[in-house]
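Structure first, then comments.
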Amino acid sequence: MKPVDLDPADVRILCALQQHGQLSKSRLAELVGLSATPCWSRLARLKKAGLIRGYHADIVLARIVGLTKVVVTVSLKSHRKFDFDRFERHVLQCPEVTDCVSTGGGMDYVLTVVTTSLSSFQAVMEGMLIAELGIDRYMTYIVTREIKAAQPDLGRLVAGLAGRSETS
């Protein structure tokens, strides 16, 4: 996927949204150093380009409900496109799976599964096995403590790109 060309003001807008979430027109303009109308026009363009998927609050779920978070590695029996598609369709319909990445190397997928108990987690995994998704093996890692969960720093990533293009 080709990266979208962004100027420094676009990056400041995206960084402000990433850090603060949805903001009023005047607050966003103030944070990025633009007047409100041009700032809002840029934001509309960034949304139209598909760079902003949505807004969310970072809620501390463990203070509301007891959670069990499990990291699961999955290896499929067969590596045909159909097998990957079938597994991914199932995962997309499973609300307990909060993250899923396809990986190269020893395992095909790494999932994060969040439930209210280990028995609920086991039910999710049994459901995957019953659905005959072609799972060869899976390994589970129970999360005992979350050390860090964050979005990558967009400003830092863009600055790294600029540094590389200057030295190329």
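The values are calculated or read from the model by the stated rules, or taken from the named source; none is laboratory data. What you are looking at is a predicted structure, and each value in this text was computed from that prediction instead of being measured. Cβ coordinates were reconstructed from backbone atoms using ideal geometry, including for glycine residues, and neighbour counts include every protein chain displayed.
Yes/no per residue for (1) free of Cβ contacts under 8 Å to residues at least 40 places away in the same chain; (2) closer than 17 Å to Gly134 by Cα; (3) touching a helix residue (DSSP H, G or I) at 6+ places or on another chain (Cβ under 7 Å); (4) surrounded by 11 or more Cβ atoms within 10 Å (Cβ to Cβ):
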site	(1), (2), (3), (4)
Phe84	yes, yes, no, yes
Phe87	no, yes, no, yes
Gln93	yes, yes, no, no
Val97	yes, no, yes, yes
Gly105	yes, no, no, no
Val110	yes, yes, no, yes
Leu118	no, no, no, yes
Ala123	yes, no, no, yes
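Considering only region 64-100, how many residues are closer than 20 Å to Leu118 by Cβ and not hydrophobic (A, V, I, L, M, F, W, C)? Number of matching residues: 8.
Residue-by-condition table, conditions (1) under 28 Å from Lys148 (Cβ atoms); (2) surrounded by 11 or more Cβ atoms within 10 Å (Cβ to Cβ); (3) outside the structural domain of Leu133 (by TED's automatic domain parsing):
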position: Cys15; (1), (2), (3): yes, yes, yes
position: Arg42; (1), (2), (3): no, yes, yes
position: Leu67; (1), (2), (3): yes, yes, no
position: Ser102; (1), (2), (3): yes, yes, no
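Across region 22-34, not a single residue is classified as basic (Lys, Arg) and under 30 Å from Tyr109 (Cα atoms).
Contact annotation: residue pairs with Cβ atoms under 8 Å, 6 or more positions apart or on different chains, pairing a residue in region 51-64 that is closer than 23 Å to Arg145 by Cα with a partner that is of a type in the set (Val, Ile, Thr), are Leu61/Val114. Do we have Ala29 as surrounded by 17 or more Cβ atoms within 10 Å (Cβ to Cβ) and either within 20 Å of the chain's Cα centre (by Cα) or among the charged types (D, E, K, R) (or both) here? Criteria not met by Ala29.
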